[in-house]
Every structure is written in structure tokens, then in C-alpha cells.
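The values are calculated or read from the model by the stated rules, or taken from the named source; none is laboratory data. Note that this is a predicted model, so its numbers are computed, not measured. Positions of Cβ are backbone-derived with ideal geometry, glycine not excepted, and every protein chain shown enters the neighbour counts. Just the protein is used for accessible areas: all its heavy atoms, side chains included, with ligands, DNA and RNA removed. Shrake-Rupley method; radii C 1.70, N 1.55, O 1.52, S 1.80 Å.
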Amino acid sequence: MQFNISIAKLTILSFAVLTSITTVAKTPDYRGVVTDEKGNPLPFANVVLLSLPDSAFVQGAMTDEKGAFAVVTDKKGGVLKVTSIGYETQTVPAADTLTIQMKEDAQLLGEVVVKGMRPKTKVTGEGLQTSIQGSVLEHAGTANDVLAKTPGIIKGQNGLEVIGKGSPQVYINGRRVTDASELERLQSNEIQNIEVITNPGAQYDATVRSVVRIRTIRRQGDGFSFNLNASDSQSPRWKEHNDPFGAVNVNYRTGGVDFFGGVNFVRNSFRQESNVEKTSFGKTFVIENKGTLMNDNYSSSLYGNAGVNLQLATNHFVGGKVEWGRTLSNYLTMIVDDNVYENSLLIDKLTTSSEDHLGDHTPYRLGANLYYNGLVGSKLGIDVNLDYYGNDDSRTSLSEETSTMTHNASVSSGSYNAGRLYAAKAVLSYPIWKGQLQGGTEETFSHRTDEYTVTGVSIPSSFAEVEENNYAGFASYAFMLGRAQLSAGVRYEYVHYAYTDALAPESNLTRNYDNWFPTLSYARMAGPVQLMLNYSAKTRRPNYANLSNAIRYNSRYIWQSGNAQLQPELSHNFGVTAVWKFYTLMVNYARTDDAIMTWSSPYGDEGIVLVKPRNIETPYRAMTAMLNITPTFGPWTINYSVGIQPQWLTIDAEDPREPSGIRTTTFNNHPVYIAQLFNTLKVTGGWQFELGGVMQSKGWSQNLYMRNVFCNVSAAVQKTMLRDGSLVARLEGADLLGTSQMNVFSDFGSHTISQTNLMDIQRIKFSLRYSFNAAQSKYRGTGAGKEAQERM
């Protein structure tokens with residue numbers, strides 16, 4: 001019954017949206033394109049038709065992502081008034097097929113050394129847009145190098161993150177990036193601008209908290225083009241850790257047909273050396289584990305893609321693409337030396353040596369996309385995507401335990417995981433009144449199988465399956481109101497979730513989720529300041545691997561599992577962004593209910609702890625405030641960001657030492673301070689020098705306390721060669737001082753864990769990039785079900 005009601009809601013919402021968009025069918029009287037001073041399309045500009053001589057409002061429209069607009073009216077004559085945040089208002093006589101060029105507002109121009117220097121970052125109504133072409137970032141290296149220095153983005157220990165929003169979804173020319181190496185292949189001098197979306201609208205999955213849109217420079221003409229990218233990264237500490245990378249991409253364009261493809265190879269190596277102390281508390285005993293851990297990991301993979309884009313007619317495109325990847329090798333070794341004490345008395349000295357490698361099924365992933373993108377009647381935009389994704393992975397593990405005081409043991413395990421996903425998404429857009437109405441529907445159907453067997457220890461095997469079907473409908477409307485832009489949207493999602501384990505049917509579980517996710521954004525000029533306010537409701541669903549109850553064996557005293565009982569977390573997000581001259585301030589606050597965190601608890605009374613994800617019963621609240629400045633002094637450009645990340649979290653944890661068995665544990669009072677300091681010196685002859693650093697103070701991050709100051713100092717020298725700058729050589733170093741380490745502590749109530757870590761982060765890297773007749777693919781497929789693909 002619940003399923004039928006939810007589908008009825010979705011059907012009504014989708015029908016209302018699609019009907020409202022398609023009911024208008026008049027031919028536009030005034031059409032055109034709005035551009036900036038460089039001739040680049042200007043999206044989300046407000047175009048209003050005014051009558052003469054009284055300047056009364058007649059009709060309006062908003063430009064789409066290509067800068068195109070269409071004003072529908074029965075009246076002839078008048079003037080078109082065009083406004084956009086950060087630009088001077090333009091008024092021109094009304095006519096068909098116009099091209100209107102906007103000029104930046106003089107009051108936004110900053111001054112450092114030379115007066116009248118234009119800012120590189122502006123508010124767009126959805127986020128922050130930073131111009132790359134013509135700025136010092138044009139020669140920053142790869143797209144990853146540019147993103148690390150883009151206002152609104154910080155380079156954390158887990159990669160690039162949008163301030164206060166976590167890892168973003170990345171799009172290049174409207175196409176979703178699914179291969180992370182693509183950001184290494186894309187060169188900075190091919191990028192026109194980058195837009196950081198801090199409040200993704202209803203058309204995105206409710207789990208998407210941030211989006212980065214990369215727009216490349218438009219290349220004209222037919223013919224053959226290619227680019228080559230090769231690099232080698234070496235660890236100074238461990239000579240065997242050498243990571244080569246190579247990629248080649250080709251593109252052939254003739255008439256309205258675009259063929260493209262590429263292949264890349266990557267090898268990764270990583271080492272971790274740690275000192276670990278774990279203390280478990282019982283009513284009458286205390287068990288302590290003190291030891292060392294050494295982990296070595298080597299892997300190599302091959303990835304490829306191929307596709308075609310066909311322009312059927314003006315404003316009508318179809319295409320298809322296939323992406324594949326195969327793990328060629330993956331080998332992991334781990335050695336743990338552990339001294340075990342009970343009530344301060346040594347009871348065991350244990351050495352565990354483990355080896356993990358590929359199983360019988362060679363890991364692979366395969367994805368495919370088909371799309372249609374078009375414009376009907378010069379007004380109705382249609383974007384349809386069909387997606388498939390599948391992956392297989394199998395591994396075997398052998399652990400040999402040698403004890404000088406108790407017994408030896410040999411534990412072996414094997415796992416096999418397979419996932420399949422089918423998704424469809426349709427989006428319609430139409431200019432109505434003073435803005436753009438957008439609506440559509442998205443469906444995702446996924447299935448994952450998780451098999452796990454273990455011998456040598458009393459852990460049950462598992463044969464689990466997870467099925468999840470997501471039905472969504474959404475609608476949004478954005479319009480200009482004077483010099484302000486307002487956008488609002490809502491997304492409805494119905495999710496059917498089922499977990500089954502053939503070997504443990506008592507853990508079988510079925511759930512249905514029924515949620516609405518609103519978004520709201522307001523942007524305007526406040527004197528010389530560009531200002532944006534936003535709100536959104538978002539969710540985060542657990543990765544499929546975390547939904548299995550199978551217990552994995554790590555060592556005699558540490559076991560690990562997923563949690564089929566996990567609930568999706570729900571968060572309410574509020575944000576403020578302000579831009580003035582070369583200053584950018586971003587403040588984000590989020591309250592999350594049912595937050596998913598990794599938790600550790602005793603398993604039996606022999607000192608074993610079970611590490612698994614769980615939902616936190618109390619709200620998790622966090623704030624991020626960052627200030628970014630990007631002035632230029634002649635050839636020297638600085639890009640400095642400083643900020644603070646406080647949080648508020650209290651958890652009632654099990655503690656047998658307390659009479660009630662419960663102890664309230666707080667993870668507050670110590671906010672994390674962050675600083676990113678990048679300096680770029682650009683001189684004649686194509687030379688560029690860079691020196692920078694990323695620093696993070698001690699403090700709490702969810703339920704982990706960072707016990708030391710993290711500092712990563714980096715430097716680079718780059719030379720651009722050939723007349724067209726198509727050959728670039730770059731030498732760079734990371735963690736030059738060897739201080740990029742992170743020591744952690746956590747209090748789980750019944751026990752504590754303290755760990756110091758020496759990570760293999762220090763690297764020296766040389767790269768060489770060459771482009772011939774550079775051209776970007778015209779592929780317009782945006783994909784469907786991407787959030788579920790990432791969870792696989």
C-alpha cells in the first residue's frame with residue numbers, strides 16, 4: 001500500500017511538472033544569445049521586454065546554459081532589458097536573433113597594484129564562478145591542480161572538498177566525470193571557467209551536496225586531435241614505491257559527427273607505519289593492546305573509454321559512450337606486532353602476517369550511457385539519459401598468527417562482490433515569465449551480491465544480497481527579480497530497500513523511504529558585495545559494502561563488519577557566500593540526524609573489538625567558515641584561504657565502568673583550524689614557479705581527535721613550450737618537510753584507541769603533457785543514477 005501511494009505521488013508530481021512545461025507552444029517573437037565581454041555564453045541572465053514609451057513590462061525570459069533566450073509575446077516593438085549579477089544592465093531595441101554582449105559592473109572591479117583589475121570570482125546565483133582563461137590559474141597544470149586553488153574548494157587529506165560540503169560531483173561541459181584520471185588528463189589551459197555549486201538544485205540526487213562544473217574553451221573546426229599525458233611519481237622514503245601514469249586520448253570530428261576515445265594506465269603504491277594502543281574496559285578487567293602496524297599496498301589498473309556524438313539537426317544531439325576499467329594487479333601485505341596485557345599483566349605476544357591479493361574473478365567495471373539532448377521549438381529543452389553500470393571484485397586473504405605465549409593460528413578468507421545498476425533520467429526545461437522552469441524524473445534500479453567465507457576462526461560465512469530501487473520526481477524554477485536571482489526547487493524520492501542473507505535469514509530486512517527534499521537559493525548585489533544565501537535538505541545513503549552483516553577478520557583482536565540496519569542520514573544545510581573585490585567568504589552550517597559514523601565496540605570478553613558503521617542517535621552539527629583572498633602583485637599571485645571548522649556532537653556510549661552502563665561522551669571544544677597558502681610566480685619564457693602549503697590544527701573531526709598539526713608543503717616548477725603552448729613539462733614535490741602525518745585518538749566508551757601514523761605522502765613527480773590540435777568532445781550525455789554508481 002505504501003509503495004502504491006508513493007508511486008502515485010511521484011506520478012502526480014511528474015505529470016504536473018511535464019504538463020506545465022509542455023502546455024505552452026507559441027513561437028517566440030524575440031530570440032537571441034547573451035554573452036560576456038569575451039563572447040562566452042552567459043547563463044541565467046534575465047531578459048525583459050518593455051513597451052515604449054512607458055517602459056511597462058510585457059514579457060520576460062532567462063538565458064539557458066548556452067546563453068540563449070526566447071521571449072514570447074503578441075506585441076511588436078519595444079526594448080529588451082538584460083540584467084545579470086556582476087554585469088551592467090544592457091538595453092537594446094527588440095529584434096529577432098540578437099547577440100547581446102554584457103560588460104562587467106565597474107563597482108565590482110578590485111584594485112591591488114594596478115587599479116581596475118577585474119575579480120576572477122563572482123556569484124552566479126547557484127555558487128561561485130571563477131574565470132581560469134586569462135588568469136594565472138590558466139597555467140596551474142592539470143584540472144586537479146586548478147581545482148585545488150579555486151575559491152570554494154579546499155584540498156583535504158581525503159582529496160578535494162567543497163567548503164563545508166564534502167567531495168563534489170564534477171561535470172565537464174555538462175557531462176558527469178566518472179573516471180577520476182580525466183581530471184589529470186585535462187590541462188588547465190583548456191579550461192574557460194569553473195563553477196562551484198554549493199547548493200545543488202532539485203535535478204540532482206538528494207545525496208549530492210556539492211557540484212563542480214568545468215567549462216572548457218570552445219574549439220572550432222573539424223579534423224583529428226589527440227593529447228598525451230605521462231608522469232612518474234617517486235617516494236623519497238621507499239624507493240620501491242614508484243607510480244607511473246600514462247594516458248592517450250583521441251578525437252575525430254567531421255561535420256556533425258564526433259568520435260572520441262582514450263586509454264590510460266595507472267599504478268599506485270602506498271605504505272603506512274603506525275603505533276597502536278587500544279584499551280578495553282570491563283567491569284573487573286582492563287585489556288590493553290600495544291603494538292605496531294606496517295601496511296604495504298600495490299595496485300595497477302587499465303581504463304578506457306570510447307563514444308560518438310551525432311548532431312542530427314540544429315539543437316538536436318544524440319550519442320553513446322562506453323567506459324571500462326580492469327584491475328591488473330592488487331597486492332597488500334600487513335604485519336602487526338601486538339603485546340596484550342590484562343590488568344597490566346602480559347598475557348600474549350602476537351605477530352600477525354597477512355597477504356591479500358586478487359581472487360578467481362578479475363575485478364572490472366563497465367559503464368555505458370545513451371543520451372538525447374535537444375531544443376524543440378527553440379524553447380523546450382529536453383535531456384534524456386539511459387545508463388548501465390556493473391562491477392565485479394574478488395579477493396583472497398591469508399593471515400598467519402604466531403604467538404610466543406598462547407597458540408598459533410592460520411586464518412584464510414575469500415570474498416566475491418558483484419553489482420549491477422540500471423538508471424534513466426529525463427529533464428525538461430522551459431522559459432516561463434521571468435525565469436526558467438525545469439522538471440523531470442529519475443529512476444535507479446540496483447542489485448549487489450556479497451559473498452564471504454572464512455576458515456580457521458569461528459566467524460560465520462555470508463551470502464548477502466542488497467536490492468535498492470529509487471523513484472524520483474523533481475521541479476525547480478529560477479528567475480531574476482531586479483538585480484537579484486531567486487531559485488527554488490523540490491525533489492521527491494521513494495526508495496525500496498531489501499537485504500537478504502541466505503546463510504542467516506534471521507537478519508533479512510525490508511524498508512521503504514518516502515522523502516521530500518527542498519532547495520532554496522537567493523543571490524543579489526548588496527552595494528559592492530555579491531551575496532548569496534541558500535538552504536537545502538539532503539540525505540546520505542550508506543555504501544553497499546557497508547550494508548553487509550558479514551564479519552571480516554583483520555586480526556585476533558580486531559574484526560570488522562558492515563551493518564544492514566543502517567538508516568540513511570538526513571541533513572539540513574544553510575549557507576552564506578559573499579564576494580568583494582578579491583575576497584570570498586563562505587560560511588556553511590549543517591545539522592545531521594542519524595549521522596553515519598564508524599564505531600567500535602567489544603565483541604565477547606576476550607578483548608576483541610568489532611568495528612562497524614552505525615547511526616548516531618543524537619544530532620551531529622558542524623560549521624565551516626573560510627575566507628579566501630586572491631590578489632595579484634605584478635607577476636606574483638597569492639591564493640590564501642584560512643578558516644575554522646567547529647562541531648557539536650555528544651554520544652551516549654556503553655561503558656561497563658559506569659553504574660548505569662552508559663557514559664556521555666562529548667566530541668566538542670576543539671575546533672579544527674585550516675590554512676591553505678599558495679603562491680604563484682609567472683615569468684617570461686613560459687616559466688612558472690609555485691610554493692604552497694596546507695595546514696590543519698589539532699581538533700575533532702566527527703568522533704576522531706586529530707592529535708598533531710598537519711602540514712603539507714609543496715612546490716612546483718613548470719615550463720610551457722612550443723609556440724601554441726601545447727607542450728608542458730612540470731616538476732613538483734609534495735610533503736617536502738615530511739610533516740603530512742595525522743595521529744588520531746577516539747573514545748568509544750567501553751574502550752579507547754590511540755594511533756600514530758607515518759603515511760607515504762612525500763612524493764617527487766615529473767609530468768609531460770602534449771596536445772595536438774586540441775579539441776574537446778561535444779558529448780552531451782549527463783548520465784543517470786550516478787550517486788548509486790559511486791556507492792558501488
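Counting pairs of alpha carbon atoms under 8 Å apart in space and at least six apart in sequence, what relative contact order in percent does region 142-214 give?
Rounded, it is 36 percent for region 142-214.
At 0.36 nm per residue, and after removing the present C-alpha to C-alpha distance, how many nm does the segment from Glu104 to Thr510 gain when stretched out fully?
Net length gain for the segment: 140.6 nm.
Computed over the Cα atoms, what is the radius of gyration of the chain divided by 2.2 N^0.38 Å, N being its residue count?
That ratio works out to 1.00.
How would you rank 698-711, 272-285, highest first, on the average number of other Cβ atoms within 10 Å across their residues?
Ranked from most to least packed, the peptides come out as 698-711, 272-285.
Contour minus end-to-end for Ser353 and Ala368, with contour as 0.36 nm per residue of separation and end-to-end as the Cα-Cα distance?
Going from the current span to full extension adds 1.3 nm.
Please report the antiparallel percentage of DSSP beta bridges with both residues in region 550-697, rounded to the nearest 5.
Expressed as a percentage, antiparallel bridges in region 550-697 total about 95.
Using alpha carbons only, how many degrees (0 to 90, rounded to 10) separate the axis of helix 2-22 from the longest principal axis of the chain?
That works out to roughly 20 degrees.
Over the chain, average the accessible area per residue using a 1.4 Å probe and give it in Å², no decimals.
Per residue, the chain has an accessible area of 42 Å².
Using a simple spin-label model with points 7 Å from Cα along the Cα→Cβ vector, what separation in nm is obtained for Glu37 and Lys76?
Reported label-point gap for Glu37 and Lys76 is 3.8 nm.
I want to check the label-to-label distance for Asp337 and Leu533. Put each point 7 Å from Cα in the C-beta direction and report it in nm to one decimal.
Modelled inter-label distance: 6.1 nm.
Count charges around Pro518 for me, please; just the other residues with Cβ under 13 Å from its Cβ, Lys/Arg as +1, Asp/Glu as -1.
In short, +1.
At a Förster distance of 60 Å, what's the computed FRET efficiency of Ala502 paired with Val683, Cβ-Cβ distance as r, to 0.05?
0.35
So what is the calculated 222 nm ellipticity per residue for the chain, using -39500 (n - 2.57) for each DSSP H run with n of 4 or more, over all residues, to the nearest 500 deg cm²/dmol?
-1500 deg cm²/dmol
What number, in nm² with one decimal, is the all-direction average of the projected area of the convex hull of the alpha-carbon atoms of region 691-737?
Dividing the Cα hull surface by four gives the mean projection, 4.8 nm².
PRE reach from Asn708 (point 7 Å along Cα→Cβ): which of region 635-672 fall under 19 Å by backbone N?
Backbone N within reach: 672.
Kirkwood Rh and Cα-based Rg: tell me the resulting Rg over Rh for region 170-241, rounded to two decimals.
In region 170-241, Rg relative to Rh is 1.10.
As an exercise, use a Förster radius of 30 Å and the Cβ-Cβ distance of Val576 and Ala313 to find the FRET efficiency, rounded to the nearest 0.05.
With R0 = 30 Å, the Cβ-Cβ based efficiency is 0.10.
Quick one: work out the % antiparallel among DSSP beta bridges in the chain, nearest 5.
Close to 95 percent.
Once you sort the root eigenvalues of the Cα gyration tensor of region 165-294 as a ≥ b ≥ c, which label holds: rounded (a/c under 1.5), prolate (a/b larger than b/c) or oblate (the other case)?
oblate
Multiply the residue separation of Asn757 and Tyr589 by 0.36 nm, subtract the distance between their alpha-carbon atoms, and state the gained length in nm to one decimal.
So the chain would gain 57.4 nm between Asn757 and Tyr589.
For the chain, what's the relative contact order in percent, using C-alpha pairs closer than 8 Å and at least 6 residues apart?
Value for the chain: 12 percent.
On a 27 Å Cα-Cα criterion, which of the cross-link pairs Lys379/Lys425; Lys165/Lys698; Lys75/Lys379; Lys165/Lys612; Lys283/Lys698 come out too long?
Too far apart for the 27 Å limit: Lys283/Lys698.
Students often check this: by mean Cβ neighbours within 10 Å, which of 186-194, 425-433 ranks highest, and how do the rest follow?
186-194, 425-433
First measure r as the distance between the Cβ atoms of Met294 and Glu617, then evaluate 1/(1 + (r/R0)^6) with R0 = 41 Å and state the FRET efficiency to the nearest 0.05.
Efficiency for this residue pair is about 0.65.
For region 157-201, what is the Kirkwood hydrodynamic radius in Å, using each pair of distinct C-alpha atoms?
12.0
Given the C-alpha centroids of region 603-662 and region 335-370, what is the distance between them in whole angstrom?
If we compute the Cα centre of each part, the gap is 26 Å.
How large, in percent, is the carbon and sulfur part of the accessible surface of region 324-437 at a probe radius of 1.4 Å?
Ligands and nucleic acids excluded, carbon and sulfur reach 58 percent.
Once you put a point 7 Å from the Cα of Thr97 and another 7 Å from the Cα of Leu346, both along the Cβ direction, what distance in nm separates them?
Roughly 9.0 nm, to one decimal.
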